[in-house]
Amino acid sequence: MMHRLLGILAAVSCVPLLLHSQGTLSTQGFGYPPGQLSARAQASGGAIAELDPLSPVNPAALPGWERSGAYFQYSPEFRQVLGTEEENERSVVSRFPVIAAALRVSERGMLGVSVSTLLDNTWQTESRLLVGSGSDTSTASTVFRSTGAINDIRVAGSYIVRNSLRVGFGFHVFAGESRRRREVLFSDSTRLSFFQDQAFGFSGKAVSGGIEWRPLTILSIGASARVGGRITASIGDSALRRTDAPTRAGVGVHFRGIAGTLLAARAEWQGWSSLDDLSARDDETHNSWDMSFGAEAKGPRWFGYEIPVRAGARFRTLPFGTPEGGKVRETGISAGFGLPLARNRASADFAVERDQRSGPQNLRERAWTLSFGFLIRL
């Protein structure tokens, strides 16, 4: 029995834990970055995020809440990985990417707190393994599963300097964990199935600042940056590795020169390569650009309220490349609408996004993401 168990362990240890273990293109390395976008911003492809108060991106946008309130968002993703004809994996990931609240402290001041997903590392894949030799063989299913995320907890404040200028500052705490399990399940009930667990914790800090400037009635410009402190990966109470948290910078433009229509564009850069030293593996990590274009227009009327409709497109490189080498690129198109509720004291936003991701060796991934955001103003 002992030599059989040793043979099983040896066989399982040879199973690659790289691309095929993760089962996706988008969750390589430390995971997939949803973008910290509200449902409204996601519907526009992310183009309005720099001036969107519900997206925890630019702290200067907080006055857009207008009143104290709370926001909650649910965003399930339906993912399909395409490789060869034999490889076609599907999965569903449930996310709560943004939870936020704001408090008006004066006519010109607003405070806000938010919890958003910086990197989501949830995936699962299954493969078959033949163990033994000759007549003493058995088929096993090897299941690799990961759950967890690195979250960005932000406390921010903003101040209206004058009607055309707002400034904001934020303090960020990065916290989260990643739990990984490797299971071997035998079809032969006489064999001993087993599993192996690993759990990693993450912690770090950063600061951010931003401005929102309206040089013309029809033109608004938002810009923000986040500068990282140290971020630590640990097992239990033992710190494994430390490095600088990723720096980001972004700028967005809103144009209202067409009656009833908002046109927006945004560019964001993130220095993900600073996470290289946090990983014990040789994953490729890339600094990335995120470009988006979108629009919001007045739609049909509903119970006396005009329903805003939105659409947009997004183009970006994901931070973590594949083990074989090469970048993963993502192109997305999105659309959605909003519903004013309770005499504008509440609102609901809906978005649907279609993403195409491509990597080396003809590996592709398709995904649908639905987002539901609900805002209550006090």
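Here, each number is a calculation from the coordinates, and none is a lab measurement. Nothing here was measured: the structure is a model prediction, and the numbers come from that model. Here the Cβ positions follow ideal geometry from the backbone for every residue, glycine too, while neighbour counts run over all protein chains shown.
Key figures
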{"read-out": "Net charge of neighbours whose Cβ lies under 13 Å from the Cβ of Ala206, counting Lys and Arg as +1 and Asp and Glu as -1", "value": "+3"}
{"read-out": "Neighbour-count ranking [beta-carbon atoms within 10 angstrom, fewest first] of Met110, Met291", "value": "Met291, Met110"}
{"read-out": "Gyration tensor (alpha-carbon) shape descriptor, the range 213-358, a/c threshold 1.5", "value": "prolate"}
{"read-out": "Stretchable slack from Ile376 to Asn362, in nm (0.36 nm times residue separation minus alpha-carbon distance)", "value": "0.5 nm"}
{"read-out": "Label-to-label distance, nm, for residues given as Val92 and Val352 (7 Å Cα→Cβ offset)", "value": "1.6"}
{"read-out": "Added length on full extension, which subtracts the Cα-Cα distance from 0.36 nm per residue, Ser141 to Val155", "value": "0.5 nm"}
{"read-out": "Extent along principal axes [Cα atoms of the range 139-184; Å; largest to smallest]", "value": "70, 18, 6"}
{"read-out": "Loop chymotrypsin sites (Phe, Trp or Tyr not before Pro), the range 245-349 (other Cβ atoms within 10 Å of the site Cβ: 11 or fewer; DSSP)", "value": "Phe303"}
{"read-out": "Potential extension, Arg181-Ala342 segment - 0.36 nm per residue separation minus Cα distance", "value": "53.4 nm"}
{"read-out": "Separation in nanometres of the label points that stand 7 Å from Cα toward Cβ, at Asp197 and Ile235", "value": "1.4"}
